[in-house]
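This report concerns only the one structure given below.
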Amino acid sequence: MAERNAKEEAAPVLYLPDGKRLVFPGCHAKHVSATAIETYEGRFEYWHGPTETLIVTDDDARIVSADHELPAQYLAQLTQQLADECGAHFMAFGTTSIWRLDAEGCYEAIMRPDQCIYLRPQEAWLPDRQGLKLGFHTLPDVVLEVDHTTDIRQGKLQMYEKWRFPELWVEVPDAFTPHRRAGLPGLTIRVWEGGGYREVDASRAFAGWTAAEIHTALNERMGWSAATTAALVRVAKALTKQLGTAGPEGTPRLWRHRAEGRAQGHVEGRAQGHVEGRAQGHVEGERALLCRLAVRRFGDEVAESLGELLAGLASEDLVSVGDWIVECASRDELLRQVRESG
């Protein structure tokens, strides 16, 4: 314990103009000039412009371990799953430089998170190859910091709050390490509100996804559990309403799978109908379903022409139409394919 306390006391300390102390446990400081920082390629936590001080972790080899890297990667994957379920487009920027200029146009500070998530990228001014310029680019909806060997609460957290980032997640992974400095495993969520951060139990940006659910998802190593999947479906439904998107039908890949499943299910239902002596009713139902699928894919204009063509097809010829609706690139191509089949 004495050794650990000594290390904590030796942690780098920086001072802001208002006198606030930024402490960086688990890190050490080194001098990097303003010119050199522009091309610096190594990992770091924070760069302080006035003193040209770079804060890096005590052990770069340790910080790039899977225990530190996987939560950020998993969050990107989970975000993509939610985007697919919402029929939306989200963006995960990973570790990108967040930087600010002083009044004279010189770098004042640079900070690097573990993950940045944008839920409305089409409405945002996104980071570029230089990173996220404060006061110019749109702030991300969520920033993730993984406290594996460091503890941002005494340093970086103050800067996120000062710069008014709307939502900050701090994840302490389940995997034990003797170098852990941030306490017990778990995820905390802080939202900017009323002039500062407030810790909450669930994400505001991700429509009620709880801190406990997120922590579980970020630490699963053998695929997403049933509980995580259920949470994702719940959050996706809420996000779909919040964003006004189309849901899974708005994602081309999922739409195709669903269309194929519906077509196959109807073919099987029609076969069963033949067995039960209700073939004609099923044929009419199949024609109506195919028209609805085509309208959803190509618009209302296709309904009348396709209906006339389908009326002239025998029941066994209707089986291929569902595939053509999925595969054809345009309404005219679909109508030509159906016309030639008859």
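The values are calculated or read from the model by the stated rules, or taken from the named source; none is laboratory data. This one's a predicted model, so the numbers in the text were calculated from it and none came from an experiment. Ideal geometry is used to build each Cβ from the backbone, glycine not excepted, and the neighbour counts take in all protein chains shown.
Give me the helices (runs of 4 or more DSSP H) completely within segment 239-342, filtered to those with at least 3 residues that are at pLDDT 85 or above, ordered by residue number.
Because the criterion is at least 3 residues that are at pLDDT 85 or above, the helices (runs of 4 or more DSSP H) in segment 239-342 that meet it are 279-298, 302-311, 331-341.
Please list, ordered by residue number, the helices (runs of 4 or more DSSP H) wholly in segment 26-135 having 1 or more residues that are crowded, with 21+ Cβ neighbours inside 10 Å.
Once the helices (runs of 4 or more DSSP H) in segment 26-135 are filtered for at least 1 residues that are crowded, with 21+ Cβ neighbours inside 10 Å, what remains is 60-63, 66-86.
Does Tyr160 fit the bill of being modelled with pLDDT of 95 or more, under 20 Å from Leu134 (Cα atoms) and buried (at least 22 other Cβ atoms within 10 Å of the Cβ)?
yes
Answer yes if at least one residue in segment 145-165 is in contact (Cβ under 8 Å) with a residue 12 or more places away in the chain and farther than 24 Å from Thr53 by Cα, and no otherwise.
no
From (1) at pLDDT below 95; (2) closer than 26 Å to Lys133 by Cβ; (3) of a type outside the set (Asp, Glu); (4) not assigned by TED's automatic domain parsing to the domain that holds Asp141, pick out the condition that doesn't hold for Arg100.
Going through (1) at pLDDT below 95; (2) closer than 26 Å to Lys133 by Cβ; (3) of a type outside the set (Asp, Glu); (4) not assigned by TED's automatic domain parsing to the domain that holds Asp141 one by one, Arg100 breaks only (4).
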